[in-house]
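The block underneath contains the structure these notes are about, expressed in structure tokens.
The values are calculated or read from the model by the stated rules, or taken from the named source; none is laboratory data. Source: prediction; values computed, not measured. In this analysis, Cβ positions are derived from the backbone assuming ideal geometry, glycine residues included, and neighbour counts consider all displayed protein chains.
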Amino acid sequence: MATHFENALRTQLVSRRQRLKDVLAASSSRSYLTSLLEEVDAALARMDDGSFGLCEQCHEPIESGRLAADPLVRLCLDHLTAPQQRALEQDLELAAHIQSALLPQAGMEVGGWRTAFHYEPAGPVSGDYCDLIPAEDGSLFFMLGDVSGKGVAASMLMAHLHALLRALTGTGLALAQVVERASRVFCSSTLSSQYATLVCGRAERDGNVELCNAGHLAPLLGQGAAVRCIRSTGLPLGLFCNEEFSVEKARLERGDRLLLFTDGLSEAQNPEGVELGVQPIADLLGLQPPLRAGELVRACVSKAAGFRSGLPAKDDLTLMAIERL
């Protein structure tokens, strides 16, 4: 029986097939397009006979992220030809370079706010997302999220989300409307199996902060030794095209800090398989005297690395600290 993921890919392939036929009818260069149409038909045939998604060499499942990015693939990573491996390595290097270029300026200070972040892919590329956008009125937009999936497919979705939110934050819309519009466009332009969790915030010059949380882990607010969670206010982006979101508000005084992170931090595992959890992170945020934004980020990264006891990270790790000066 076809899975939801396979049905989504079938819809995508049928749509591509029709487009190819339309172009073929009007094109004088037919050989390449005809070959591509044959590949699409072969993929649809594999869906019909139940062999879709299985490597033609070892008959083991092909990586789902690669299938999501290209439903025509026939081989798993272990059985790519040498030219295919080189092409994949070059694509990964390019994707990693693009992601690095999309990261915000390190150590940004805007409108009485100091920022720090850490972005650490578990592999060559990441599905995590973080950005800092100064507004014309002196306020600061900050975003941190996690796109579904792994590898290049997730990294491309991350770039899509980055461009989308960069465009929307300059429109003058209220924060909830920015997230609602982003969710609507993300939903209509991605596969039904794809979504993203996101915290989108705006820090004003007077210390007031608005937060819209679309299904992401709760940010932590540190005010002196007191630490509290700011809960999610909506579902992840892209689950439904007509989602509505609400906004939580907080006021930060001098020295107060806001910490956002992905599950690569809280779900870091030790050799026994136990997860780090949120409490050790909250303990760092509540230390007195308080850690500054950059110190807090470095302490969290060190805590996760120490907890793993030399084990490699299983997931992308991204965190961001916003400090009121």
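Can you tell me which residue is nearest to ASP146 (Cα to Cα) among those in region 92-128 that are among the polar types (S, T, N, Q) and in contact with an Asp or Glu (Cβ under 9 Å, 6 or more places away or on another chain)? Before you say what the answer is, go through the steps one by one.
Here is the first cut: in region 92-128, the residues among the polar types (S, T, N, Q) are 99-100, 105, 115, 126.
Now drop any that are not in contact with an Asp or Glu (Cβ under 9 Å, 6 or more places away or on another chain), which leaves 115, 126.
Numbers: THR115: 19, SER126: 9 Å.
That would be SER126.
Exactly one condition in (1) outside the structural domain of ARG16 (by TED's automatic domain parsing); (2) within 15 Å of the chain's Cα centre (by Cα) is false for GLY65; which is it?
(1)
Tally up the residues in region 52-64 that are surrounded by 13 or more Cβ atoms within 10 Å (Cβ to Cβ) and without any contact (Cβ under 8 Å) to a residue 12 or more places away in the chain, please.
1
Can you find even one residue in region 160-167 that is in contact with a strand residue (DSSP E or B) (Cβ under 9 Å, 6 or more places away or on another chain), crowded, with 19+ Cβ neighbours inside 10 Å and under 13 Å from ILE322 (Cα atoms)?
No: region 160-167 contains no residue that is in contact with a strand residue (DSSP E or B) (Cβ under 9 Å, 6 or more places away or on another chain), crowded, with 19+ Cβ neighbours inside 10 Å and under 13 Å from ILE322 (Cα atoms).
Kindly evaluate ALA304 against the criterion of being part of a loop (DSSP other than H, G, I, E, B) and buried (at least 17 other Cβ atoms within 10 Å of the Cβ). Before the answer, list the steps.
Numbers: part of a loop (DSSP other than H, G, I, E, B): no; buried (at least 17 other Cβ atoms within 10 Å of the Cβ): yes.
For ALA304, the condition - part of a loop (DSSP other than H, G, I, E, B) and buried (at least 17 other Cβ atoms within 10 Å of the Cβ) - is not met.
Looking at GLY222, GLY207, GLY111, GLY138, can you tell me which residue is in contact with a helix residue (DSSP H, G or I) (Cβ under 7 Å, 6 or more places away or on another chain), in contact (Cβ under 8 Å) with a residue 60 or more places away in the chain and not hydroxyl-bearing (Ser, Thr, Tyr)? Please lay out each step first, then the result.
Numbers: GLY207 fails: in contact with a helix residue (DSSP H, G or I) (Cβ under 7 Å, 6 or more places away or on another chain); GLY111 fails: in contact with a helix residue (DSSP H, G or I) (Cβ under 7 Å, 6 or more places away or on another chain); GLY138 fails: in contact with a helix residue (DSSP H, G or I) (Cβ under 7 Å, 6 or more places away or on another chain).
GLY222 is the lone residue from the list that is in contact with a helix residue (DSSP H, G or I) (Cβ under 7 Å, 6 or more places away or on another chain), in contact (Cβ under 8 Å) with a residue 60 or more places away in the chain and not hydroxyl-bearing (Ser, Thr, Tyr).
Please verify whether GLU244 is touching a helix residue (DSSP H, G or I) at 6+ places or on another chain (Cβ under 9 Å), more than 15 Å from GLU323 (Cβ to Cβ) and buried (at least 17 other Cβ atoms within 10 Å of the Cβ), treating the condition exactly as stated.
Details: touching a helix residue (DSSP H, G or I) at 6+ places or on another chain (Cβ under 9 Å): yes; more than 15 Å from GLU323 (Cβ to Cβ): yes; buried (at least 17 other Cβ atoms within 10 Å of the Cβ): no.
No: the conditions fail for GLU244.
Kindly evaluate GLU244 against the criterion of being in contact with an Asp or Glu (Cβ under 9 Å, 6 or more places away or on another chain), acidic (Asp, Glu) and assigned to a loop (DSSP other than H, G, I, E, B).
Working: in contact with an Asp or Glu (Cβ under 9 Å, 6 or more places away or on another chain): yes; acidic (Asp, Glu): yes; assigned to a loop (DSSP other than H, G, I, E, B): yes.
Judged against the criteria, GLU244 is a match.
Quick check: anything in region 148-170 assigned to a strand (DSSP E or B), in contact (Cβ under 8 Å) with a residue 12 or more places away in the chain, farther than 28 Å from GLY207 by Cβ and not aromatic (Phe, Trp, Tyr)?
no
Going residue by residue through region 299-316, is there one that turns out to be more than 19 Å from PRO104 (Cβ to Cβ), among the β-branched types (Val, Ile, Thr) and assigned by TED's automatic domain parsing to the domain that holds LEU259?
Scanning region 299-316 turns up no residue that is more than 19 Å from PRO104 (Cβ to Cβ), among the β-branched types (Val, Ile, Thr) and assigned by TED's automatic domain parsing to the domain that holds LEU259.
Hey, among SER51, SER31, which residue is outside the structural domain of SER193 (by TED's automatic domain parsing), at pLDDT below 85 and of a type in the set (Gly, Ala, Ser)?
Working: SER51 fails: at pLDDT below 85.
Criteria check complete, one pass: SER31.
Take region 34-48 and flag every residue that is over 24 Å from HIS79 (Cβ atoms) and either outside the structural domain of LEU72 (by TED's automatic domain parsing) or surrounded by 17 or more Cβ atoms within 10 Å (Cβ to Cβ) (or both).
To start, the set of residues in region 34-48 that are over 24 Å from HIS79 (Cβ atoms) comprises 34, 37.
Listed by number, the list holds a single entry, LEU37.
Can you tell me which residues in region 210-237 are more than 16 Å from LEU165 (Cα to Cα), small (Gly, Ala, Ser) and in a strand (DSSP E or B)?
GLY222, ALA226, GLY234
Cβ-Cβ distance below 7 Å, separation of 6 or more or different chains: which pairs start in region 234-261 with a residue that is under 30 Å from ASP283 (Cβ atoms) and end on one that is aromatic (Phe, Trp, Tyr) and part of a loop (DSSP other than H, G, I, E, B)?
Partner pairs satisfying both residue conditions: GLY234/PHE245; PRO236/TYR195.
Which of (1) surrounded by fewer than 16 Cβ atoms within 10 Å (Cβ to Cβ); (2) modelled with pLDDT of 95 or more; (3) under 25 Å from PHE141 (Cβ atoms) is the odd one out, the single condition LEU325 does not satisfy?
All conditions are met except number (2).
So which residues in region 292-325 are farther than 18 Å from ARG114 by Cβ and more than 22 Å from the chain's Cα centre (by Cα)?
SER302, LYS303, GLY306, PHE307, ARG308, SER309, GLY310, LEU311
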